Structures are given as C-alpha cells and as structure tokens.
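Encoded as structure tokens, the structure appears first; notes follow it.
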Amino acid sequence: MPAEQAIVERWDTTREFFVLEDGLADVVVEGKVVTTLRPGDYFGEIAALEWGAGFARSRAATVIARGDVQLRVLAPEALAQFLGEFPRIEREIRRTAHERLRRAR
C-alpha cells in the first residue's frame, strides 16, 4: 500500500483485521496521531470482532500508511476461525480492543 494513504477510516463499517508486516502506520483520532504502528502490530480488531448478537462496531480510528506498507488482511470469518483455534490469542486481542476503546473516549 502506498504512503500517506488511509488504510481504514474512522466510522467505516468494514470488518477486516490487519497485521502490519512491513512499514509504519499512524493511528489518528480527531486529527491527532495517537500512536504509530510497527511491523508485527495489528489493528482493526474493534470492528472485526463479534461483540455478541451480531453486533459489530464501526472503526474507532483512521489508520494512515506513513510510508509504503505491507499488510496481512483477514476477513471476519477467517479471523473468527483463527481465534476459535487459538483462544489465548482471542483473549489478548479482546483485551487490546477494550483498552483501545477506553483510550479513544
């Protein structure tokens, strides 16, 4: 993905989960960079996770590629299958989602 391009936009209702494989990306909330993601970091978990009763959240932040980036993208179904096989990872991703939601307020 080319530099300076938004990977996801805040309030979007897309549901993919992303792992940053190469490059840097800025997480922006209300026009302010709140963190910079590095290779190995993930994002999109808030929108990608099933929150019960078919409820999904919109994107909580905009993520912008700082330079050229390479991403691993998982559709919601693939993420659900992966997390079903690895419950410890699901707990960690949900913990991260709750922390990020708390900070976004």
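A count restricted to region 82-105 and to residues that are assigned to a loop (DSSP other than H, G, I, E, B) and surrounded by 15 or more Cβ atoms within 10 Å (Cβ to Cβ) stands at 0.
Can you confirm whether residue 44 is more than 14 Å from the chain's Cα centre (by Cα), surrounded by 16 or more Cβ atoms within 10 Å (Cβ to Cβ), within 22 Å of residue 6 (Cα to Cα) and touching a residue at least 12 places away in the same chain (Cβ under 8 Å)? Against the criterion (more than 14 Å from the chain's Cα centre (by Cα), surrounded by 16 or more Cβ atoms within 10 Å (Cβ to Cβ), within 22 Å of residue 6 (Cα to Cα) and touching a residue at least 12 places away in the same chain (Cβ under 8 Å)), residue 44 does not qualify. Scanning region 67-81 for residues that are assigned to a helix (DSSP H, G or I) and surrounded by 14 or more Cβ atoms within 10 Å (Cβ to Cβ) yields 76, 79, 80.
So that you can scan it fast, the table gives a plain yes or no per residue for (1) assigned to a strand (DSSP E or B); (2) more than 26 Å from residue 80 (Cα to Cα); (3) among the acidic types (Asp, Glu); (4) modelled with pLDDT of 95 or more:
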{"residue": "20", "(1), (2), (3), (4)": "yes, no, no, yes"}
{"residue": "34", "(1), (2), (3), (4)": "yes, yes, no, no"}
{"residue": "39", "(1), (2), (3), (4)": "no, no, no, yes"}
{"residue": "46", "(1), (2), (3), (4)": "no, no, no, no"}
{"residue": "50", "(1), (2), (3), (4)": "no, no, yes, no"}
{"residue": "56", "(1), (2), (3), (4)": "no, no, no, no"}
{"residue": "59", "(1), (2), (3), (4)": "no, no, no, no"}
{"residue": "64", "(1), (2), (3), (4)": "yes, no, no, yes"}
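State yes or no: is residue 61 under 20 Å from residue 39 (Cα atoms) and exposed (fewer than 14 other Cβ atoms within 10 Å of the Cβ)? When the stated conditions are applied, residue 61 does not pass them.
The values are calculated or read from the model by the stated rules, or taken from the named source; none is laboratory data. The structure presented is a predicted model; accordingly, all values stated were derived computationally and were not measured. Because the Cβ atoms are built from the backbone with ideal geometry, glycine has one as well, and the counts that use them run over all protein chains shown.
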